[in-house]
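What follows is a set of notes on a single structure, which appears directly below.
Every number in this text was worked out from the coordinates using simple rules, so none of it is lab data. Quick caveat, the model's predicted, so the values are computed rather than measured. As a convention, Cβ positions derive from the backbone with ideal geometry for all residues, glycine included, and neighbour counts pool all protein chains shown.
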Amino acid sequence: MIIYEACVGNYNEAVNAKNKGADRIELCDNLLEGGTTPSYGTIKRVIDKLSIPVMVIIRPRGGNFEYSKEEIEIMKEDIRICKKLGASGVVIGALIGNSIDIETTKQLINEAKPMSITFHMAFDEINDKYRAIEVLINLGVCRILTKGGNKDALSGKEDIKKFIEYADDRIVIMPGKGINVDNRKFVLDFTGAKEIHGTKIV
């Protein structure tokens, strides 16, 4: 079964996406900055009112994906709040340069378990993406959101297809960025993806 994950920026968008047929929500604030952690009230209301899984992005600010100790503590607290509120999972990502910040990612995963965990498009900034796939599998991440290291998923479709073949069902590779109702079938068919993500996916 194909999973359509709708990326939304507020409560109203979440309800609208669910009504249009989204299977799962990625809940964000500040989508123009690539998404930051939404408010407690927004998270609670979306989880309480929607009958589909809600993934919450854990990102304390826009900009790069290298975080201070204080920002890491903020993210850990936000994960604890999401768990308390009944979120299905969280969407995380932390880098050092162009590699995964393994220690920070471990800390965030430890806070998040047993919730579902997505590693977000910080993945596209990593130099050795195949090694990163192995690292994320070993850390217990459930899925990777990626545009194939390109400007969008259509441009990166060949690499996304390779990542999916390489992952071999050990971790979900979920295409995102620039995918909509009109082109989603093409991307799914071309890449072999089983989950797909976007602000206009439904």
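Only Lys, Arg, Asp and Glu carry charge here, each on its Cβ (+1 for the first two, -1 for the last two); on that basis the stretch 123-202 has a dipole of about 220 debye about its Cα centre.
Per-residue Karplus couplings for the stretch 51-63, computed as 6.51 cos²θ - 1.76 cosθ + 1.60 with θ equal to phi - 60°, are listed in order as 9, 10, x, 10, 9, 10, 6, 10, 8, x, 6, x, x Hz, Gly and Pro entered as x. Under a 5 Å amide H cut-off, with hydrogens placed 1.01 Å from N, Glu195 pairs with Ile3 among residues at least 5 apart or on other chains. Whole-Hz Karplus values for the stretch 189-202 come out as 5, 5, 8, x, 5, 10, 9, 8, 9, x, 6, 10, 6, 10 Hz, taken residue by residue from phi with 6.51 cos²θ - 1.76 cosθ + 1.60 and θ = phi - 60°; glycine and proline positions read x. Peptides 57-67, 85-95, ordered by how many other C-beta atoms sit within 10 Å of their residues on average, highest first, read 85-95, 57-67. Filter Lys151/Lys194; Lys162/Lys185; Lys44/Lys157; Lys151/Lys200; Lys69/Lys129; Lys84/Lys162 down to the pairs with a C-alpha to C-alpha distance above 27 Å, please. The pairs that break the limit, which is 27 Å between Cα atoms, are Lys44/Lys157; Lys84/Lys162. For the stretch 3-198, the alpha carbon positions stretch 40, 39, 29 Å along the principal axes, listed from largest to smallest. Here the stretch 63-161 has an Rg and Dmax of 13.5, 39 Å, counting Cα atoms alone. For the stretch 167-178, just list the computed ³J(HN,Hα) in residue order, Karplus coefficients 6.51, -1.76 and 1.60, θ = phi - 60°, integers in Hz, with x standing in for Gly and Pro. Once rounded to whole Hz, the list reads 5, 6, 6, 7, 8, 7, 9, 10, x, x, 5, x.
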